[in-house]
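J.: If you scroll down you'll find the structure; I have some questions about it.
The values are calculated or read from the model by the stated rules, or taken from the named source; none is laboratory data. Since this is a predicted model, take the numbers as computed values, not measurements. Counting neighbours? That spans all protein chains shown, and the Cβs are built from the backbone with ideal geometry, glycine included.
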Amino acid sequence: MKVDQKGHTTTIKNTQFKTAEFITKLTHEYNSFKNQNLIIDLSTDKEIVMEDVKSFSELIKKHKKNKKSFVLVTDSIDYNKVPSSITLVPTLLEAHDIIEMEEIERDLGF
């Protein structure tokens, strides 16, 4: 797990675990990241499936209650099949753009 923090955003890259193990580790260390916008970079896992993406749902719900962004990054999933409660983008640049837009929306009270 590689962690990179810039400003109010933390990017966490899964470098060595299967997705289920990664979610367990992320959940265990969640308190370290709960006050940051999170980008979860899953782009190195080319075998990721929709069920893996959906398994982040509880963590996403918990994080959004704190009024922080949670964005998953992978280009291996059909975006049309992703539930609307999950923000999934193909690149890190798009993830940063989404977070910037969500920050502006929160500042404006949306």
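J.: Counting only residues that are among the basic types (Lys, Arg) and closer than 18 Å to PRO83 by Cα, how many does the stretch 8-57 have?
T.: 1
J.: Still on this structure: Can you tell me how many residues in the stretch 56-84 are among the small types (Gly, Ala, Ser), modelled with pLDDT under 95 and surrounded by 14 or more Cβ atoms within 10 Å (Cβ to Cβ)?
T.: Total meeting the criteria: 1.
J.: For the stretch 54-78, what are the residues that are assigned to a helix (DSSP H, G or I), in contact with a strand residue (DSSP E or B) (Cβ under 8 Å, 6 or more places away or on another chain) and under 19 Å from ASN14 (Cβ atoms)?
T.: Of everything in the stretch 54-78, those that are assigned to a helix (DSSP H, G or I), in contact with a strand residue (DSSP E or B) (Cβ under 8 Å, 6 or more places away or on another chain) and under 19 Å from ASN14 (Cβ atoms) turn out to be LEU59, ILE60, HIS63.
J.: Could you count how many residues in the stretch 1-55 are surrounded by 19 or more Cβ atoms within 10 Å (Cβ to Cβ) and in contact (Cβ under 8 Å) with a residue 60 or more places away in the chain?
T.: Count: 4.
J.: Something else now. Residues in the stretch 58-106 that are among the polar types (S, T, N, Q) and closer than 19 Å to THR27 by Cα: how many?
T.: 4
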